[in-house]
Amino acid sequence: RFEIIGRNTGSVVFKGPLTITDKLPKGWKLGTFNPGWKCTQSGDVVTCSAPGPFNVLPGKTIRLGIDFKTSTNAANLPKQWENCASIDWSKGGGPDVDPSNDRDCATVKIKVNKTGKPWGPDIRIVK
């Protein structure tokens, strides 16, 4: 599950809609996502929008959780890649005082089991 968090680092309330874009490596597909958001996938790009209007106070956050799934055997997919997401809030409150913080990336590592499936939950009990 990917958790994308947008924080209002400005000094005024943001009021308006938001769009978040996330580029995936080939072979990954959009799964489930938070209620209230509308997410679609075109090729390897996932676009999520929420009509809002959001009212994000300075210092407060909005969150989007997205689950992705593999469309092929995970053994054939990259074991590590850089995943980047960007936010577009241009249809809401005023000019962007710092556009350099509208995109962020994380290195994603995927472990696969012997059958080529991504590792899922593994609950171990110890006595």
Query - Test: Val46 is under 23 Å from Ser100 (Cβ atoms) and at pLDDT below 90 - result: no
Query raised in the report: When you scan region 50-63, how many residues do you find that are in a strand (DSSP E or B) and either touching a helix residue (DSSP H, G or I) at 6+ places or on another chain (Cβ under 8 Å) or open to solvent by 40 Å² or more (accessible area, probe 1.4 Å) (or both)?
Result: 7
Query raised in the report: Within the bounds of region 80-97, is there any residue that is open to solvent by 40 Å² or more (accessible area, probe 1.4 Å), under 18 Å from the mean Cα position of the chain (by Cα) and of a type in the set (A, V, I, L, M)?
Result: yes
Query raised in the report: Restricting region 9-35 to residues that are modelled with pLDDT of 90 or more and open to solvent by less than 60 Å² (accessible area, probe 1.4 Å), which is farthest from Lys91 (Cα to Cα)?
Result: Gly31
Query raised in the report: open to solvent by 50 Å² or more (accessible area, probe 1.4 Å), out of contact with any Leu (no Cβ under 7 Å at 6 or more places or on another chain) and under 21 Å from Ala106 (Cβ atoms): does that describe Lys38?
Result: no
Requested in this report: Can you tell me which residue among Lys69, Lys127 is touching a Lys or Arg at 6+ places or on another chain (Cβ under 9 Å), modelled with pLDDT under 85 and among the basic types (Lys, Arg)?
Outcome: Lys69
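The values are calculated or read from the model by the stated rules, or taken from the named source; none is laboratory data. Values in this document were obtained by computation on a predicted structure and should not be read as measured data. A quick note on method: Cβ atoms are made from the backbone with ideal geometry, for glycine too, and the neighbour counts reach across all protein chains shown. Quick note on the areas: whole protein, heavy atoms, side chains included, nothing else; ligands and nucleic acids left out. Shrake-Rupley method; radii C 1.70, N 1.55, O 1.52, S 1.80 Å.
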